[in-house]
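> Quick one: the structure is below, and I'll ask about it shortly.
The values are calculated or read from the model by the stated rules, or taken from the named source; none is laboratory data. Just so you know, these numbers come straight off a predicted model, no measurement behind them. A quick note on method: Cβ atoms are made from the backbone with ideal geometry, for glycine too, and the neighbour counts reach across all protein chains shown. When the accessible area is computed, the model is the full protein with side chains, heavy atoms only, and any ligands, DNA or RNA have been set aside. Shrake-Rupley method; radii C 1.70, N 1.55, O 1.52, S 1.80 Å.
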Amino acid sequence: MLRMMQSLGRAMLDSLRDLAPIILVIGFFQTVVLQQPVPNLLELVFGTLLVVVGLTFFVFGLELGLFPIGESMAKAFAQKGSVLWLLLFAFALGFGTTVAEPALIAVSGEAAEVAASGGMIEDTESAKRYYANGLRVTVAISVGFAIVLGVFRILKGWPIQYFIIAGYVLVVMMTMFAPESIIGIAYDSGGVTTSTITVPLVTALGVGLASSIKGRNPMVDGFGLIAFASLTPMIFVMGYGMVMH
């Protein structure tokens with residue numbers, strides 16, 4: 001218990017250190033450049049404290065729970081020796097973590113609102129919900145496919161750069177034919193998928209799997225799943241836009 005409290009204290013100090021540059025930048029421009037008093041100072045201070053506490057518990061929770069369980073499950077599937085179950089687990093993990101991403105929920109909801117206001121879809125709650133849910137599911141499927149592809153790459157030991165180069169060539173080609181209204185959303189989808197929930201679990205899966213397979217280097221083969229998870233949503237969402245268009 002004492003060791004856990006010490007780790008929590010270190011995590012809080014790390015959170016303060018990480019947030020210090022942001023606080024200094026905002027304070028400098030507010031007081032020196034704009035030369036205005038900080039509005040709602042007490043609320044801002046209280047909100048900053050909440051951010052520090054929230055970030056502390058989030059990082060501490062990742063180290064305590066999500067990273068270990070991701071690595072242990074990857075090692076267990078590797079020892080089980082069933083490629084099919086491993087790939088099914090990889091898809092389910094990618095799909096489940098992505099569809100629950102708060103950032104993706106926010107972006108898909110905003111995209112639905114903009115699409116409705118621009119006349120692309122009907123300005124009704126059901127139409128906007130259908131559009132937002134379709135976007136979320138499309139992105140989630142793309143990340144599930146990305147994790148499967150990344151896991152298969154780790155199993156085979158293939159170099160990652162060829163996959164990334166081919167993927168971005170495909171993105172550029174699809175950009176030429178996709179509707180203009182979906183291109184920006186597709187590019188942003190690649191960023192919001194690799195966020196709070198997806199990154200720790202997917203990273204732990206890759207590292208744990210590479211550590212469990214003889215001849216694989218966790219530094220070389222274990223990382224890179226996040227790159228796949230950022231790339232495939234752009235392809236799938238532009239494809240989704242073409243179909244919807």
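> What ranking of T198, T203 comes out by heavy-atom accessible area, probe 1.4 Å, highest first?
Details: T198 0, T203 30 Å².
Correct descending sequence by accessible area is T203, T198.
> At 222 nm, what value in deg cm²/dmol follows for the chain if DSSP H runs of at least 4 each add -39500 (n - 2.57) and the sum is divided by all its residues, to the nearest 500?
Value at 222 nm, helices only: -26500 deg cm²/dmol.
> With a/c under 1.5 counting as rounded, go ahead and sort the stretch 126-218 into rounded, prolate or oblate using the C-alpha gyration tensor (a ≥ b ≥ c being the square roots of the eigenvalues; past the cut-off, prolate if a/b is larger than b/c, else oblate).
The shape class here is oblate.
> Once you have a ≥ b ≥ c as the square roots of the Cα gyration tensor eigenvalues for the stretch 41-131, tell me rounded if a/c is under 1.5, and otherwise prolate or oblate according to whether a/b is larger than b/c.
Oblate shape, in that a/c is at least 1.5 and b/c is the bigger or equal ratio.
> How about the stretch 165-245: which chymotrypsin sites (Phe, Trp or Tyr not before Pro) there lie in a loop by DSSP and see at most 12 other Cβ atoms within 10 Å?
Sparse-neighbourhood loop chymotrypsin sites (Phe, Trp or Tyr not before Pro): F177.
> Accessible area, 1.4 Å probe, largest first: how do I197, I147, I22, I183 sort?
I22, I197, I183, I147
> If you don't mind, there's one more thing I want to ask. Whenever you get a sec, compute what percent of the accessible area on the chain sits on carbon and sulfur atoms (1.4 Å probe). Please list the in-between numbers first.
Numbers: 9890 of 13940 Å².
Whole-percent figure for carbon plus sulfur exposure: 71.
> If you roll a 1.4 Å probe over the heavy atoms of the protein chains, what accessible area per residue do you get for the stretch 117-224, in Å²?
50 Å²
> Something else: Normalising by the residue count of the chain, find the relative contact order in percent from Cα pairs under 8 Å and 6+ residues apart.
Result for the chain is 25 percent.
> If you compute P(r) over Cα pairs in 10 Å bins from 0, in percent for the structure shown, which of (i) 7, 31, 34, 21, 7, 1; (ii) 7, 27, 29, 22, 12, 2, 0; (iii) 7, 24, 26, 25, 14, 3, 0 do you land on?
Calculated P(r) over Cα pairs in 10 Å bins from 0, in percent: the matching label is (iii).
> Rounded, prolate or oblate for the stretch 105-170? Axes are the square roots of the Cα gyration tensor eigenvalues, ordered a ≥ b ≥ c, and the cut-off for rounded is a/c under 1.5.
prolate
> Quickly rank 150-162, 29-41, 131-143 as a protection proxy: mean count of other C-beta atoms within 10 Å, highest first. Please report the intermediate quantities before stating the final value.
Numbers: 150-162: 16.4, 29-41: 10.0, 131-143: 22.3.
The peptides rank, most packed first, as 131-143, 150-162, 29-41.
> Ranked from the most accessible area to the least, with a 1.4 Å probe and all protein chains present, what is the order of D123, D221?
D123, D221
> Now, a different point. With a 1.4 Å probe and all protein chains kept in place, how much accessible area does M234 have, in Å² rounded to the nearest 10?
Around 20 Å² of this residue is reachable by solvent.
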